[in-house]
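The values are calculated or read from the model by the stated rules, or taken from the named source; none is laboratory data. It should be emphasised that the depicted structure is a prediction, and the values quoted were computed from it without experimental measurement. Note that each Cβ is placed from the backbone with ideal geometry, even for glycine, and that neighbours are counted across all protein chains shown. All accessible areas refer to the heavy atoms of the entire protein, side chains included, with ligands and DNA or RNA removed. Shrake-Rupley method; radii C 1.70, N 1.55, O 1.52, S 1.80 Å.
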Amino acid sequence: MKPADLGIGLVYIPGLEPLFESRDGNVQVLELEPQALWRYFSRRSQPYVNQLDLLERLNALPQKKIVHGVGFPVGGSRIPDPRHLEPFREAIEAIDAAWASEHLVFNEAQDPDGEVYQTGFFLPPLATPAGVEAATRTIRSVSQSLPVPFAVETPTNYLKSRHGQMSDGAFTAAVVERADCGILLDLHNIWTNERNGRQGVEAFLSEIPLERVWEIHLAGGVKYGDYWLDAHSGEIPRPVITWAHRLIPHLPNLGAVIFELLPAYLPKFGLDGVRRAVDELNELWALRCSPPQPDDSIRRSSPPVLEMDDTASPTEWENALANAILSDDLPTTPLGKQLAQDPAVPLIRTLNHKFRLSAVVANLRMSIRLLLLNLHEEAFDQLVTDYCLTIKPQRFAAAEARNFADYINSLELDIPYLDELLNYEITAIDVIADGRSRRVSFSVDPNKLLDALARGDLPENLTPADYEAEITPPIDKSFETQPLYH
Amino acid sequence: MEDPTLRIEKEALHANVVRVTIPAKVAFDLKQMQKITESVLDQLGCANCHSGHDIRFDIEKRFIVDTKLKVHSQAELIGR
């Protein structure tokens, strides 16, 4: 199929409103990651809830829209929670998205007792014919429920290439052909894989069906030890731009080129940095109509047929890899022992811990500050490690924060004000989620307590008294200037 | 730092309880974090589902460690 010709754009993150609201037409596409904006109510039969007022405001922006899933990937053997499909569809329809996409990875596994758990990190699927069948089944379970065409994103894979598994390009090609879906080609991911010792960009591109590439993702990364990370941290590396220049004339059905940036990097990269990236993307988009240089063709190759299948099943692979990342138990299975030798496993474990604690910090910032101010750094690091090895990750940041608060409470640490701060910040999550004020108690003036922590100071010399604090919902400052469009 | 978002509405609820109003999100060291938009839109949702490097925790930890060092350094100066 040929998708709509949309143009270049940005993943929506708070802070980019000036670029989306500008009348200059430089940003033609808004890519929404709906799950990042969902409210999660674990006790409801439908736990995932869109912020419809925000979707309405996004829909009013002049850009064409596409939807990109970030929480229910389709590369593994487990079918994602079907309850996510209704709000996913709702988001697609609310902003009239041209197509939707998800990642060709997995983020769920099962423990020996049969309990399904989140991995807290995108992990690469088993690249064998059995893995192709599993991913195909999972993709179809999602794509057939959506009102728009569906594409899968090519992932980063930090693991070493394994004997008996397909190349990254061959696996991607087999999956998209079997599932009959589009490709969201993340060129930074593919280049990252090459830098980290996996298949090269040229070989990858030679193996995938280029006519299925509907969308390109471009982003920046960072060096971390011996690895290059897909950090979405700012400037697009020059070799990635060069690859995009070379590739785009060969993509007959390219519909969008999108720049990705994590919100945490926006203050450093700045809106001017994003504007420079937008200019680069517009230059790339113009190449779409150019004929390929005759001496610059993308070599086509047929990957070898895999005869020696990896002996693991997709389920065994997913459970073993998730366990290697999340547990410090000595592996007992041959596959577990092999994975434990891969230097990417401790890397992913570290990155996973950072993700989980970042989700906690985002919601329990003042409690974390109080802990950091009271504990030695080594003691705090040990606490974090113990938490991550004891408690399984959560898909939603709010749920991760609740688990962390429960864990800290269970330790009964002798830190003044910690329990009431945790209670305040956990209650505040509910206030933000449903917009209704709530009351909590404090043994000191909460404003003085919070003011000290906001400065990074240890709260001291506070006069004890009984306080009842009403927690008021935040005022959303996004799209303050939206009336420009009316 | 006086935080303008901390609106204090103290009133005697009854004899020994003081009622105040506090926000769900405390504005924190904006200058230090160089935050462009104070927003909670990406805080509760599925923001940790990724395969890269999330630096929010590192930023927070560095801020507190630096603060501790600064306080420690000042204490040493005063002690001299």
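Taking 2.2 N^0.38 Å as the expected size of a compact globular protein, what ratio does the Cα radius of gyration of region A:68-217 give against it, to two decimals?
On the way: Rg = 14.9 Å, N = 150, 2.2 N^0.38 = 14.8 Å.
Expressed relative to 2.2 N^0.38 Å, the Cα Rg reads 1.01.
I'd like the carbon and sulfur percentage of the solvent accessible area for the protein assembly as shown, probe radius 1.4 Å, heavy atoms only, ligands and nucleic acids excluded. It would help to have the intermediate numbers written out before the result.
Values: 11830 of 23680 Å².
Carbon and sulfur atoms account for 50 percent of the accessible area of the protein assembly as shown.
Using only Cα atoms, figure out Rg for region A:358-486 and give it as a multiple of 2.2 N^0.38 Å. Can you show the working numbers first?
On the way: Rg = 16.4 Å, N = 129, 2.2 N^0.38 = 13.9 Å.
Here the Cα radius of gyration is 1.17 times the empirical estimate.
Between the alpha-carbon centres of region A:322-357 and region A:127-200 there is a gap of 22 Å. Sites listed here are GluC sites (Glu not before Pro) in region A:396-473 whose DSSP assignment is loop and whose Cβ has at most 12 other Cβ atoms within 10 Å: A:GLU412, A:GLU460.
Using equal-weight Cα scatterers in the Debye expression, the normalised intensity of chain A in log10 at q = 0.06, 0.13 Å⁻¹ is -0.29, -1.34.
Gyration tensor analysis over the Cα atoms of region A:1-148 returns equivalent ellipsoid semi-axes of 30, 18, 13 Å (largest first, whole Å).
Computed over neighbours whose Cβ is under 9 Å from that of A:THR427, the net charge equals 0, Lys and Arg +1, Asp and Glu -1.
Using the Cβ-Cβ distance between A:ARG178 and A:ASP381 with R0 set to 41 Å, the FRET efficiency works out to roughly 0.35.
Out of every Cα-Cα pair that region A:226-303 contains, those further apart than 18 angstrom amount to 51 percent. Divide the volume of the convex hull around the Cα atoms of region A:55-104 by the residue count and you get 70 Å³ per residue. Here is the tail figure for region A:1-80: Cα pairs spaced more than 17 Å apart come to 56 percent of all pairs.
The largest-to-smallest principal axis extents of the Cα set in region A:7-289 are 54, 46, 37 Å.
Region A:145-199 gives an Rg/Rh value of 1.03, both radii derived from C-alpha positions and Rh following Kirkwood.
Placing a pseudo-label 7 Å from each Cα along the Cα-to-Cβ vector at A:ARG238 and A:LYS268 gives an inter-label distance of 2.1 nm.
Across all directions, the average flat footprint of the convex hull enclosing the Cα atoms of region A:157-314 is 10.6 nm².
Restricted to Cα atoms, region A:172-217 shows a radius of gyration and a Dmax of 10.6, 30 angstrom. Mean per-residue shielding of peptide A:106-116 is 0, counting Cβ atoms of other chains within 10 Å of each Cβ.
Burial of accessible area (probe 1.4 Å, heavy atoms of protein chains only) in region A:23-64, relative to its chain alone, reaches at least 30 Å² for A:ALA36, A:ARG39.
If you count, for every residue in A:349-355, the Cβ atoms of partner chains within 10 Å of its Cβ, what is the mean? Provide the component values of the computation, followed by the final result.
Numbers: counts 0, 1, 5, 3, 2, 8, 10.
That average works out to 4.
Highest mean packing first, where packing is the average number of other Cβ atoms within 10 Å per residue, the peptides A:104-117, A:26-39, A:85-98 line up as A:26-39, A:85-98, A:104-117.
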